[in-house]
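Below is one structure, written out as structure tokens; comments come after it.
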Amino acid sequence: MSAFVDETVIEIYSGAGGNGAVTFRREKYAPRGGPDGGDGGKGGDVIFIVRRNLKTLSHIKAQRVFKAKDGEPGRKKRCHGKNGADSVIEVSPGTLVKDFYSGGLLLDLTKEGESCVFLKGGKGGKGNWHFATSTNQAPRFAQKGEIGKHRKLLLELNLIADIGLIGLPNAGKSTLLSVLTSARPEIAAYPFTTKIPNLGVIKYYNNDIIVADIPGIIRNASKGAGLGIRFLKHVSRTFFLAFLIDLSDDAFLVAGPVLEKELKDFSGQLMDKPRCIIGTKMDITGTGQRLDELKALYRNDTVIGISAVTRRGLEELITLFAARISSGRESPGEA
């Protein structure tokens, strides 16, 4: 499996236009025919296109330099030179295209199949037949093709998901993702098993619900502690947040406020997203009473107790996810 890459720097070049041709018609009955040099072909464009099946920028980082082809020069008998082939860069939904030097945002690519001609290729030059006049019937010059363009860019990926699973390390996010979806994240009983965001899809009737497992958040994550802000940014594109709290942890009542503070410090807008509270590991003795305490703490939120081992509460959770995402898609401005 390719490594997860959510930032990379690339250089792109559009193709140069082909030069116009300087040729003259030479036929059996016209040994001194007029100019017939063809136009040069257009240089290839650099095009970004969004592909839903891509979840990382690793394939782009491996290449780094993208060059469209130059247009071919014109030919005799007014034949047009062949246009240069485009350079097509396929990216994941949620890719931001920024200027490398200024950091300014140039493109925000989010929708499957969305495409954008970012750098246009140079125009082909005109052949010498265009320049024939009554006083110069045999021009021995043609127009050169336009040169291609060059840009250096920073690409950043902010994963787009319907549901974002948020929690302290070892809260059970990866386990929940694995039982709800087709994803197979690494799972183990120690903190920071998840080093990269994982995506999975819940199949619910005719709908797909995309779920993102965000690596564990700790105190001062918004300032770079632990896995830091590198992965907090992936929360920004999720519609609905699910706060996972490990009920087997004696400090379970502290987890929620820690998560809230780190999200708020990173971006106050994150706290405006719709959410629910999930108490995990309900298969462990004593967690029932702790779930009641959690519900008392979050009276204004939907609180669900689950066990990924016994599958307790999972149907209720999926139904909640589906209802909230359906509501959000009907009212996209809510997020």
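Of note:
- Any hit, the range 73-85, residues being surrounded by fewer than 17 Cβ atoms within 10 Å (Cβ to Cβ) and either assigned by TED's automatic domain parsing to the domain that holds V201 or in a strand (DSSP E or B) (or both): yes
- Of the set (1) closer than 30 Å to G94 by Cα; (2) β-branched (V, I, T); (3) touching a residue at least 40 places away in the same chain (Cβ under 8 Å), all apply to T302 but (3).
- So L247, is it of a type in the set (A, V, I, L, M, F, W, C) and in contact with a helix residue (DSSP H, G or I) (Cβ under 8 Å, 6 or more places away or on another chain): yes
- Residue satisfying all of: in the range 306-315; on the phi < 0 side of the Ramachandran plot and over 31 Å from the mean Cα position of the chain (by Cα); modelled with the lowest pLDDT among these: V309
- Cβ pairs under 8 Å, 6+ apart, first in the range 57-70 and free of Cβ contacts under 8 Å to residues at least 12 places away in the same chain and surrounded by fewer than 16 Cβ atoms within 10 Å (Cβ to Cβ), second charged (D, E, K, R) and in a loop (DSSP other than H, G, I, E, B): none
- Of the residues T175, T133, T181, T95, the single one that is in contact (Cβ under 8 Å) with a residue 24 or more places away in the chain, in the same structural domain as G43 (by TED's automatic domain parsing) and either at negative phi or not small (G, A, S) (or both) is T95.
- Residue in the range 239-272 that is modelled with the highest pLDDT, counting only those that are buried (at least 19 other Cβ atoms within 10 Å of the Cβ) and over 27 Å from T310 (Cβ atoms): F239
- Test for G127: is it surrounded by 19 or more Cβ atoms within 10 Å (Cβ to Cβ) and touching a Lys or Arg at 6+ places or on another chain (Cβ under 7 Å): yes
- Some residue of the range 11-23 being farther than 13 Å from N83 by Cα, part of a loop (DSSP other than H, G, I, E, B) and either of a type in the set (D, E, K, R) or at pLDDT below 90 (or both): no
- Any hit, the range 137-149, residues being under 30 Å from K55 (Cα atoms), among the basic types (K, R) and in contact with a strand residue (DSSP E or B) (Cβ under 6 Å, 6 or more places away or on another chain): yes
- Each residue in the range 102-155 was checked for being touching a helix residue (DSSP H, G or I) at 6+ places or on another chain (Cβ under 9 Å) and assigned to a strand (DSSP E or B), and 1 of them qualify.
- The residue pairs whose first member lies in the range 19-37 and is more than 12 Å from K76 (Cα to Cα) and in the same structural domain as S134 (by TED's automatic domain parsing), whose second member is at pLDDT 95 or above and among the aliphatic types (A, V, I, L, M), and whose beta carbons are closer than 8 Å, counting only pairs six or more residues apart or on different chains, are N19/A142.
- When M282 is tested against (1) among the aliphatic types (A, V, I, L, M); (2) farther than 23 Å from V211 by Cα; (3) not in a helix (DSSP H, G or I), just one condition goes unmet, and that condition is (2).
The values are calculated or read from the model by the stated rules, or taken from the named source; none is laboratory data. Worth saying up front: this structure is predicted, and the values here are computed from it rather than measured. Please note: Cβ atoms are built from the backbone with ideal geometry, for glycine as well, and neighbour counts cover all protein chains shown.
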